[in-house]
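Notes to accompany the following structure.
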Amino acid sequence: MTAVESELRSIGELARASGLTVSALRFYDRSGVLAPARVDPVTGYRWYTGDQVGPARLVAGLRRVGMPLAGIAEALRHRDRPAEVHRLLDAHLRRLEDGLADARRELSRIRRLIDPEETTVTTRLALSRTDLAAAVAAVRFAVGADPELPALSGVLLSVEPDGVRLVATDRHRLAVAPVDATVDGPPVGALLPVAAVDELRALLDTDAATVDAVVADRVTFSVAGRTLAVTPLPYDFPDYRRLLRAQLGDVPAYRIPVDGPALRAALTADGVRVCHRTHDGVAHEVVALGLDGRGELRPVDPDGGGTGLRVGLNREYLLDALDAGGDQLVLELDGPITPLAVRRVDDAHAFSILMPVRL
């Protein structure tokens, strides 16, 4: 062994110091996450420096809490920037909490399937009337209208331990809006028919401060002495959280602030270039968004060439998302074939996602 090798740690020593197994260290080497300082060219044996003990322990901890491989790699890259790593940890914790809430809801549904006579679970809510009205307006445009997909013909009322989310999707776009709420009862979900959502929207047009709701076999909303009782649709709404995790990364390539009304005006101006695409026998106008020299997002020629970023979108759907989002927005995108997210500046948890159209 050379003098340099004597200062290195064997893979077994690093395994004992970090809590990772030897096989795990080999895996993280092959994955490009934690490469050894030296690999013997003859035996292939891996050697590590003492400075790699800390990163290896970080990997071990993240592995124990189920952080995905990409997240572990990013945490290592940014370990000298604690704020970035804390952001990654917070995002992962939210995913774990969402998964636990999903499991509780699914187990409640399974229990009812096993024992239909089981007492109905009841959850009571107290919500801000203005917040609920804003959330309904933010997701209503994304409700599906395809009679062959009845599970998409309503708005999901998803009760979380710390509040409520409204969710709607028609496969081509998805909208999510949170509502702060006082929750008394277990997490539960109810798929509200679109007609009932429109009735609720009218009911919320009062000067009342709060809305009381009871979620059981039916969902009952009470506003200023007026009541709306809704029978949920008997369908399973798609797992929108899994869709979000699959379609959007934690860190998009581009996060671009935009003025909603200004972008809307540009998309509807005379002379804006559009192309037409047909889906399910229906023709749609498609616009393209691209980055200009100042890094700002603007309409570009959808049939134009070049190597710059261009994302094709259904113009009607994009206008609906801008109207629902408000004035100050952030558009997040990764490229021409990944979904585009439209977020509000004042509430990043309220957003919509649009599927791109191939140009």
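The values are calculated or read from the model by the stated rules, or taken from the named source; none is laboratory data. The shown structure was predicted, so the numbers you read here are calculated from the model rather than taken from an experiment. Reconstructed Cβ throughout: ideal geometry from the backbone, glycine too, with neighbour counts over all protein chains shown. Accessible surface is based on the protein model in full, side chains and every heavy atom, while ligands, DNA and RNA are left aside. Shrake-Rupley method; radii C 1.70, N 1.55, O 1.52, S 1.80 Å.
Determine, yes or no, whether Gly44 is in a loop (DSSP other than H, G, I, E, B), under 20 Å from the mean Cα position of the chain (by Cα) and free of Cβ contacts under 8 Å to residues at least 40 places away in the same chain.
Details: in a loop (DSSP other than H, G, I, E, B): yes; under 20 Å from the mean Cα position of the chain (by Cα): no; free of Cβ contacts under 8 Å to residues at least 40 places away in the same chain: yes.
Answer is no for this residue.
Return yes or no: is Ala321 closer than 23 Å to Ala138 by Cα, within 16 Å of the chain's Cα centre (by Cα) and assigned to a strand (DSSP E or B)?
Details: closer than 23 Å to Ala138 by Cα: yes; within 16 Å of the chain's Cα centre (by Cα): yes; assigned to a strand (DSSP E or B): no.
No, not satisfied.
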Take the residues in the stretch 158-189 that are β-branched (Val, Ile, Thr) and open to solvent by 20 Å² or more (accessible area, probe 1.4 Å); name whichever of them is modelled with the lowest pLDDT. Val188
Per the filter on the stretch 172-222, residues farther than 30 Å from His279 by Cβ and among the β-branched types (Val, Ile, Thr) are Val179, Thr182, Val183, Val188, Thr206, Thr210, Val211, Val214, Val215, Val219, Thr220
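Look at Ala265 and say whether it is exposed (fewer than 13 other Cβ atoms within 10 Å of the Cβ), farther than 29 Å from Asp146 by Cβ, in contact (Cβ under 8 Å) with a residue 40 or more places away in the chain and not acidic (Asp, Glu). First the steps, then the outcome.
On the way: exposed (fewer than 13 other Cβ atoms within 10 Å of the Cβ): yes; farther than 29 Å from Asp146 by Cβ: yes; in contact (Cβ under 8 Å) with a residue 40 or more places away in the chain: no; not acidic (Asp, Glu): yes.
No; evaluated as a whole, the condition is false for this residue.
One line per residue, one yes/no per condition, for (1) more than 16 Å from Val164 (Cα to Cα); (2) touching a His at 6+ places or on another chain (Cβ under 9 Å); (3) open to solvent by 20 Å² or more (accessible area, probe 1.4 Å); (4) not aliphatic (A, V, I, L, M):
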residue: Leu204; (1), (2), (3), (4): yes, no, no, no
residue: Phe221; (1), (2), (3), (4): no, no, no, yes
residue: Val230; (1), (2), (3), (4): yes, no, no, no
residue: Tyr235; (1), (2), (3), (4): yes, no, yes, yes
residue: Pro238; (1), (2), (3), (4): yes, no, yes, yes
In this structure, does Leu289 turn out to be open to solvent by less than 70 Å² (accessible area, probe 1.4 Å), modelled with pLDDT under 85 and outside any helix (DSSP H, G or I)? no
If you go through the stretch 327-344, how many residues are open to solvent by 20 Å² or more (accessible area, probe 1.4 Å) and at pLDDT below 85? 4
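Looking only at the stretch 96-108, decide whether some residue is under 30 Å from Arg57 (Cβ atoms), at pLDDT below 85 and surrounded by 15 or more Cβ atoms within 10 Å (Cβ to Cβ). Before you say what the answer is, go through the steps one by one.
Our first condition is that a residue be under 30 Å from Arg57 (Cβ atoms); within the stretch 96-108, this holds for 96-100, 103.
This time we only want the ones that are at pLDDT below 85, so: 96-100, 103.
With surrounded by 15 or more Cβ atoms within 10 Å (Cβ to Cβ) added as a condition, the list becomes 98.
The answer is yes; a qualifying residue exists.
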Looking at Val136, Val155, which is the one that is of a type in the set (Val, Ile, Thr), assigned to a helix (DSSP H, G or I), in contact (Cβ under 8 Å) with a residue 12 or more places away in the chain and farther than 12 Å from Val215 by Cβ? Val136
If Arg298 passes every condition in (1) at pLDDT 85 or above; (2) crowded, with 22+ Cβ neighbours inside 10 Å but one, which one does it miss? (2)
Name every residue in the stretch 161-172 that is more than 15 Å from Leu132 (Cα to Cα) and either assigned to a strand (DSSP E or B) or of a type in the set (Ser, Thr, Tyr) (or both), in order of residue number. Thr169
Mind counting the residues in the stretch 304-359 that are closer than 18 Å to Val274 by Cα and either of a type in the set (S, T, N, Q) or in contact with a His (Cβ under 6 Å, 6 or more places away or on another chain) (or both)? 2
Evaluate the stretch 49-65: report whether one residue or more is within 34 Å of the chain's Cα centre (by Cα), at pLDDT 90 or above, over 17 Å from Glu13 (Cβ atoms) and small (Gly, Ala, Ser). yes
Among the residues in the stretch 300-319, are any free of Cβ contacts under 8 Å to residues at least 40 places away in the same chain and aliphatic (A, V, I, L, M)? yes
Open to solvent by 60 Å² or more (accessible area, probe 1.4 Å) and within 30 Å of Thr182 (Cβ to Cβ): is that true of Arg111 in this structure? yes
So the check is Cβ under 9 Å with 6+ separation or different chains; which pairs have a first residue in the stretch 64-87 that's acidic (Asp, Glu) and a second one that's exposed (fewer than 13 other Cβ atoms within 10 Å of the Cβ)? Glu84/Arg77
Filtered residues of the stretch 139-152 (kept if closer than 24 Å to Arg95 by Cβ and part of a loop (DSSP other than H, G, I, E, B)): none
